[in-house]
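Asks: Quick one: the structure is below, questions incoming.
The values are calculated or read from the model by the stated rules, or taken from the named source; none is laboratory data. Because the structure is predicted, anything quoted here is derived from the model rather than measured. Counting neighbours? That spans all protein chains shown, and the Cβs are built from the backbone with ideal geometry, glycine included. Side chains are part of the model used for accessible areas, which takes the heavy atoms of the whole protein and leaves out ligands, DNA and RNA. Shrake-Rupley method; radii C 1.70, N 1.55, O 1.52, S 1.80 Å.
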Amino acid sequence: MAFRVRLFGRAAACVALIALITGVASCRLPGADRPDAAAAPRVLLISLDGFRWDYLDRPEAANLRALAARGVRAQRLIPVFPSKTFPNHYSIVTGLTAEEHGIVANAIRDPELGLFTLRDTLAQAESRWWGGEPIWVTAELQGRAAASVSWPGSEAAIKGVRPTWWARYWHDEPHDVKVRKILNWLALPEGAGPAIITAYFHDVDGAGHSFGPDAPETNRAIAMVDRSVGAIVAGIAELGLTDIVNVIVVSDHGMAATSADRVIVLDDFLDLNSVEIVDWTPVAAIAPRPGDAERVYQALHGKHPRLQVYRKGEVPARWHFNAHPRITEIVAVADEGWTIASRATVARWRERDWTHGGTHGYDPDLVSMGALFVAAGPDIAQGRLVRPLRNVHIYPLMAHLLRLTPARTSGSLDSVRAVLR
Ligand code: AMP
Ligand code: ZN
Ligand code: ZN
C-alpha cells in the first residue's frame with residue numbers, strides 16, 4: 001500500500017506513468033472523482049483460449065490448481081453455440097447467446113456491414129458488429145473504469161464506450177508484457193485504476209489446433225499460460241490485493257481431436273460455386289442465393305452420416321441459434337471430431353502431410369467442448385467444486401462482484417450463487 005501511495009502520489013506522475021508502463025495513449029484519471037469506487041472489490045477476468053476443462057488436472061497446470069484450491073472450480077464451463085472463440089468471449093462479457101449479441105461466428109456476413117473476420121482490424125473496431133453491453137461498458141457507464149488486453153470486442157466503442165485502457169490486438173505480445181500491464185493497472189491507487197480487467201492469452205488454443213489436445217506441445221502451452229497466471233496471482237499478493245481482487249480464469253471452449261480420416265467433403269454433395277460458405281468448419285455457415293435455400297438443404301440433408309444440416313429457424317432450440325439476421329439460411333454442423341472441407345483444402349493437407357490436430361465449434365454440451373472456470377478472491381467461496389455452468393452467467397456474476405446494475409441478459413446470478421462465499 002505504502003509503495004503505491006509513494007509511487008503514484010501525484011496525478012500528473014500517475015498520468016505519465018500510465019502512458020509509460022501500459023503503452024496506451026488514453027490516460028485520464030478515471031475514478032479520481034468517484035468517491036465510492038475504492039470501496040468495491042475489483043475483478044480480473046483472464047481467458048486462456050482453448051483451455052479444455054480437464055487440462056486443469058494435468059501436471060502443467062499447478063498454479064491454476066492452487067488458485068482453484070483456495071477458491072472455486074466448476075466441473076466445466078459450457079460454451080454457447082458455436083463453440084468458437086469470438087462468440088464465446090463475447091458471451092462471457094455480455095451474458096448473451098450468439099443469436100442475441102450477433103457475433104455468430106469467427107467469420108460473419110452482414111447485409112450492411114459486409115464481412116467480419118478475425119484479421120479485419122476495421123471490423124474489430126466497428127461497433128455495429130457488437131450487440132449487447134459488455135461488462136466494461138456497464139462498468140464505465142456506472143462510473144468505474146475498465147482495462148483490456150486483447151479481449152474480443154474491446155477495440156470497438158460499443159454504445160460509444162471503450163475500456164479506459166485498451167489497445168489493438170497484438171497476437172505476439174509477450175506474456176511478461178501482458179502480466180506487467182495487468183499488475184501495473186492493479187497497482188494504481190484506489191479509484192484511479194480499473195475496477196475490471198479483461199485479459200486474453202491465445203497459446204493453448206493454437207497448440208491444440210496444430211497438434212491436438214493430447215500432444216506434448218499442448219502441454220507445454222498449458223505450462224506457459226499457467227506460469228503467467230502464477231505470476232499474476234503472486235503479483236497481486238505482493239501488492240497486498242489478494243482480498244480486494246476477485247480473479248476469474250476462464251476459457252472459451254474445449255478442444256476435440258481431428259483427423260484426416262474424418263473429413264466431410266462438401267463438394268461431394270454441392271456445387272460450391274452455387275453458394276457462399278461464410279464459415280467452414282465444424283459449423284458451415286452456408287448462404288444460398290435468394291430462393292435457392294431449399295435446393296441447397298435437400299442437397300445436403302441426410303447425405304453424410306456425420307453432418308447435421310438445418311434450415312434457419314430449425315437449429316435445435318437448446319443452441320439458441322436461429323433469431324439473428326446474420327445466421328445463414330443453412331447451418332451444417334459436423335459431429336465431434338469431424339471436419340468439413342472442400343476437395344481443394346483436402347488436397348492442400350495431403351501436400352503438407354497433415355494427418356491430425358484439434359478443433360472446436362461443435363455442440364457446446366459435448367464434454368470435449370467444456371471450458372475452464374476457476375475463481376478465487378474475497379467474494380468467492382473457498383475450496384468448492386461446483387456443477388457445470390453456462391458461460392452466460394459470468395456477466396451477472398461479475399456485475400454482482402463489482403456492485404454494478406447489470407444489463408438485461410440470458411444469464412442469471414442465481415445460476416452462479418454456488419460460486420459466491
Ligand atoms: P479460434 O480458432 O476460434 O479459437 O480463434 C482463435 C484465434 O482468434 C486466436 O489464435 C487469435 O489469433 C484470434 N484472436 C483472439 N482474440 C483476438 C482479437 N481480440 N482480435 C483479433 N484476433 C483475435
Ligand atoms: Zn478459442
Ligand atoms: Zn481455436
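Asks: Name every residue in the stretch 79-114 that is more than 13 Å from Pro134 (Cβ to Cβ), without any contact (Cβ under 8 Å) to a residue 60 or more places away in the chain and not charged (D, E, K, R), in order of residue number.
Replies: Matches in the stretch 79-114: Pro87, Leu113, Gly114.
Asks: Give the stretch 83-100 a look and list any residue that's within 16 Å of ligand 2 (Cβ to nearest atom) and either under 23 Å from Pro163 (Cβ atoms) or charged (D, E, K, R) (or both), or say none.
Replies: The answer is Lys84, Thr85, Phe86, Pro87, Asn88, His89, Tyr90, Ser91, Ile92, Val93, Ala98.
Asks: Scan the stretch 173-181 and tell me whether some residue there is more than 19 Å from Tyr395 (Cα to Cα), part of a loop (DSSP other than H, G, I, E, B) and modelled with pLDDT of 95 or more.
Replies: yes
Asks: Now, a different point. Report yes if some residue within the stretch 396-405 is in the same structural domain as Glu112 (by TED's automatic domain parsing), part of a strand (DSSP E or B) and touching a residue at least 40 places away in the same chain (Cβ under 8 Å); otherwise report no.
Replies: The answer is no; no qualifying residue exists.
Asks: Any idea which of Val374, Val392 is of a type in the set (A, V, I, L, M, F, W, C), in the same structural domain as Thr94 (by TED's automatic domain parsing) and part of a strand (DSSP E or B)? Steps first, please.
Replies: Details: Val392 fails: part of a strand (DSSP E or B).
Val374 is the lone residue from the list that is of a type in the set (A, V, I, L, M, F, W, C), in the same structural domain as Thr94 (by TED's automatic domain parsing) and part of a strand (DSSP E or B).
Asks: Another question, then. Look through Ala207, Ala231, Ala237, Ala195 and report the one residue that is over 24 Å from His89 (Cα atoms) and not acidic (Asp, Glu).
Replies: Working: Ala207 fails: over 24 Å from His89 (Cα atoms); Ala231 fails: over 24 Å from His89 (Cα atoms); Ala195 fails: over 24 Å from His89 (Cα atoms).
On inspection, the qualifying residue turns out to be Ala237.
Asks: Sticking with this structure for a sec: Within the stretch 109-140, take every residue that is more than 14 Å from ligand 1 (Cβ to nearest atom) and of a type in the set (S, T, N, Q) and give me the one that is surrounded by the most Cβ atoms within 10 Å (Cβ to Cβ). Full working, then the answer.
Replies: In the first step, residues of the stretch 109-140 are kept if they are more than 14 Å from ligand 1 (Cβ to nearest atom); the result is 109-115, 127-128, 131-133, 135, 137-140.
Within this subset, residues satisfying the condition of being of a type in the set (S, T, N, Q) are 127, 138.
Values: Ser127: 15, Thr138: 25.
The selected residue is Thr138.
Asks: Okay, next question. Which one of these does Ala341 not meet: (1) open to solvent by less than 30 Å² (accessible area, probe 1.4 Å); (2) within 26 Å of Ile78 (Cβ to Cβ)?
Replies: That leaves (2) as the condition not met.
Asks: Mind telling me which of the residues Pro194, Pro163 ends up being farther than 30 Å from Leu115 by Cα, touching a strand residue (DSSP E or B) at 6+ places or on another chain (Cβ under 6 Å) and either surrounded by 23 or more Cβ atoms within 10 Å (Cβ to Cβ) or among the hydrophobic types (A, V, I, L, M, F, W, C) (or both)?
Replies: Within the list Pro194, Pro163, the selection yields Pro194.
Asks: Something else now. So, Asp226, is that one out of contact with any strand residue (DSSP E or B) (no Cβ under 8 Å at 6 or more places or on another chain), in the same structural domain as Leu67 (by TED's automatic domain parsing), over 25 Å from Pro79 (Cα atoms) and among the charged types (D, E, K, R) or not?
Replies: No: the conditions fail for Asp226.
Asks: Within the stretch 238-270, which residues are away from ligand 3 (no atom under 16 Å from the Cβ), touching a Pro at 6+ places or on another chain (Cβ under 9 Å) and either open to solvent by 50 Å² or more (accessible area, probe 1.4 Å) or under 16 Å from Phe51 (Cβ atoms) (or both)?
Replies: Asp243, Ile244
Asks: Ok, one more. Taking the stretch 44-82, which residues are in a strand (DSSP E or B) and more than 16 Å from ligand 3 (Cβ to nearest atom)?
Replies: Those that are in a strand (DSSP E or B) and more than 16 Å from ligand 3 (Cβ to nearest atom): Leu44, Leu45, Ile46, Val72, Arg73, Ala74, Ile78.
Asks: State whether the residues of the stretch 203-215 include one that is touching a Phe, Trp or Tyr at 6+ places or on another chain (Cβ under 8 Å) and more than 15 Å from ligand 2 (Cβ to nearest atom).
Replies: Within the stretch 203-215, none of the residues are touching a Phe, Trp or Tyr at 6+ places or on another chain (Cβ under 8 Å) and more than 15 Å from ligand 2 (Cβ to nearest atom).
Asks: Then there's this: Give, as residue ranges, the strands (runs of 3 or more DSSP E) completely inside the stretch 329-371 that count at least 1 residues that are farther than 26 Å from Asp271 by Cα, aromatic (Phe, Trp, Tyr) and under 25 Å from the mean Cα position of the chain (by Cα).
Replies: Hits in the stretch 329-371: none.
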